Amino acid sequence: MLKPASSESSTQADSWWRTAAIYQLYVRSFADGDGDGIGDLAGVRARLPYLAELGVDAIWFNPWYPSPMSDAGYDISDYRGVDPLFGTLSDADALISEAHAHGIRIIIDVVPNHSSDKHPWFVQALADGPGSAARDRFWFRPGRGPGGDQAPNNWQSIFGGPAWTRVTEPDGSPGEWYLHLFAPEQPDFNWDCPAVRTEFEDVLRFWFDRGADGIRIDSAALLTKDPALPDIVPGEQQGPVHPYTDRDDVHDIYRSWRAIADEKPGRVLIGEVWLPDAGRLARYVAADELHTVFNFPYLGCAWDAAALRRVIEETLALNAPATWVLSNHDVDRIVTRYGRADTAFDLQRRRYFHSFPTDLRLGTRRARAAALLTMALPGSAYIYQGEELGLWEVQDIPDELRQDPIWRRTNGADPGRDGCRVPLPWSGTEPPFGFSPASSSEPWLPQPKEWRDLTVAAEAASGESMLRLYRDALRIRRSEPAFANTPMTWGPAPEGVLAFDRGTAVRCVANLSSDAVPLPADATVLITSGPLSSGLLPPDTTAWLRHPLATGAAD
Ligand code: TEU
């Protein structure tokens, strides 16, 4: 049973996710319990006190299922288990109940767009041949052109290269092609097939029954496809007629999932929906579908007051529970991003961003300011593991050690996502920095030696560290009633400065301009992301203030 926070009423407990601080835990890089250089559930269990002390309300786990690991676990061969690299199903059970005992909820990652090519259904589809019921669970089609040796259509994989791979039939002849929007090892399910729908409803129930409090839905806008599988006409790809993105019929799936989640109060469905159109995004968070979606416009936004204000306003205009996300396991770490001349991020342009020089001191300063801005906004806030330590993107991983299929499938043009997935530094002055027990295998990706200053142990001992900032901010955010459920209202601010109130009690001022700005003379400072200078808020610094109105003092 989950230990409720002492002040939590049952209705608040049911909608905990509206205001939660959610820690994204990338298991393979969090903590290694068994010494193979890869993080695992034993490592997580041993570090639960760290997460409790950090002050998070929930953990979202990236996939922990059995997987050949062609895409770091997003290629799943069994949706009801745990990969031996990470542990066992009973480790997961123990982890869920231990987290609950700490008052921490558990969100697991479900990947419904595709499985692994080693999933028994796909193996059977290969064996049973063309026209079989087993093939109908995926998208198998004959090729075009003489001998069927061209792909059925012109779709490209999101990871680079064609979205189709040709199989060899059981009799040894060159055969049909199958669709994979990601790597060839990740065949797309056919969601028009009733067996696929029933299977995932059962998977949801399986994990909810084991105590999961929520589900993160991978690639949630991609599941349904136009069965005619038409070519994509360049320039005509957006909107409801796109052959595989954001199709109207995807919403039927989420309505049935919502009914399952609602069988017990307090469960949450969170969608990974990358859509530029706010109106289309809003449909996913309709009352009978998903509870929340990740805020990618906020995640990709430049460190720029006007741009951030626009995104914040557009987010709140959705009239749905907001999420605030600065980074995740697919994007460049913020310390690196915010130190570049162009501080925006988008997946398509990663390859260019990596060639920009970065100023890590500046990036760190801005990341601190961004953390306080993010945690002051009304809604749930996400922390991607390592953000709380101020880790940077590791851009100089030797090519031969890179693991991300994006790197391989673009022939190295796109560096991929390994740089934000480097194992966490916990303690000590040398790699593996306590990530693995002594005399273990090396971490699966090398850690920069400079991270000796960014270990949990070093940062816990320093009053100025990113870790201390996150701990303090999360504590205030949790204990301050103004952060619980009050709306935000913008206050007057000079150009380049964001100022807003939560209720009448707390004001957040984020200075993104190049000049120091005054703070209200009679405000009490709750926390700042950096030192004030002669009472002024310096550039790239955020402050939380006790609002003068709340204390009855005049402005
Ligand atoms: O990522 C999906 C993703 O990164 C985007 O490509 C998105 O689907 C696309 O921009 C929509 O147009 C998720 C996971 O977060 C990632 O780690 C996995 O590699 C990927 O799905 C495949 O499962």
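What to note about this one:
- Cα gyration tensor category, rounded, prolate or oblate, for region 316-378 with a/c compared to 1.5: oblate
- Diffusion coefficient, µm² s⁻¹, Stokes-Einstein with Kirkwood Rh over alpha-carbon pairs of region 303-407 at 20 °C and 1.002 mPa s: 144 µm²/s
- At the listed q of 0.06, 0.10 Å⁻¹, the Debye profile of the chain, built from one uniform point per Cα, gives log10 I(q)/I(0) equal to -0.30, -0.84.
- Dimensions in Å of region 440-527 - Rg and Dmax from alpha carbons: 18.2, 56
- Of the chymotrypsin sites (Phe, Trp or Tyr not before Pro) found in region 448-537, not one falls in a DSSP loop while having at most 12 other beta-carbon atoms within 10 Å.
- The shape of region 108-158 comes out oblate: with a ≥ b ≥ c from the C-alpha gyration tensor, a/c is at least 1.5 while a/b does not beat b/c.
- Viscosity 1.002 mPa s, temperature 20 °C, Stokes-Einstein D of region 228-345 from Kirkwood C-alpha radius, µm²/s: 133 µm²/s
- Going from the residue with the fewest nearby Cβ atoms within 10 Å to the one with the most, ASP472, ASP418 rank ASP472, ASP418.
- Residues listed by number, region 419-435, amide nitrogen under 15 Å from ALA461 label point at 7 Å toward C-beta: 426-430, 433-434
- Chain lengthening between THR524 and ASP359 when straightened (0.36 nm per residue, less Cα-Cα): 56.2 nm
- For the Cα trace of region 148-225, dividing Rg by the Kirkwood Rh returns an Rg/Rh value of 1.07.
- For region 1-139: relative contact order, % (alpha-carbon pairs under 8 angstrom, 6 or more apart): 23 percent
- Size of region 476-523 from its Cα atoms: along the principal axes, largest to smallest, the extents are 32, 20, 16 Å.
- The mean of 1/r over all pairs of different alpha-carbon atoms in region 343-484, once inverted, gives a Kirkwood hydrodynamic radius of 16.9 Å.
- Three-way shape label, region 164-305, alpha-carbon gyration tensor, a/c 1.5: oblate
- Spin-label model, ARG144 to ALA516: label points 7 Å out along the Cα-to-beta-carbon direction sit 6.5 nm apart.
- Where labels lie 7 Å past Cα in the beta-carbon direction, separation of THR198 and GLU169 in nm: 2.9 nm
- Seen from every direction in turn and averaged, the convex hull around the alpha carbons of region 1-156 projects onto 12.8 nm².
- Net lengthening on full extension, ARG255/GLU495 (0.36 nm per residue, minus Cα-Cα): 82.0 nm
- Using just its DSSP H runs of length 4 or more, each adding -39500 (n - 2.57), the chain gives a mean residue ellipticity at 222 nm of -7500 deg cm²/dmol after division by all residues.
- Ascending count of other beta-carbon atoms within 10 Å, so fewest first, for CYS193, CYS508: CYS193, CYS508
- Residue exposure sequence - TRP392, TRP407 - by fewest surrounding Cβ within 10 Å: TRP407, TRP392
- Centre separation in Å (Cα based) which lies between region 208-286 and region 121-135: 26 Å
- Within the chain, antiparallel bridges make up roughly 55 percent of the DSSP beta bridges whose residues both belong there.
All of the numbers you see were taken from the coordinates with simple rules; none came from a lab. This one's a predicted model, so the numbers in the text were calculated from it and none came from an experiment. Every residue, glycine among them, receives a Cβ derived from its backbone with ideal geometry; neighbour counts consider all protein chains shown.
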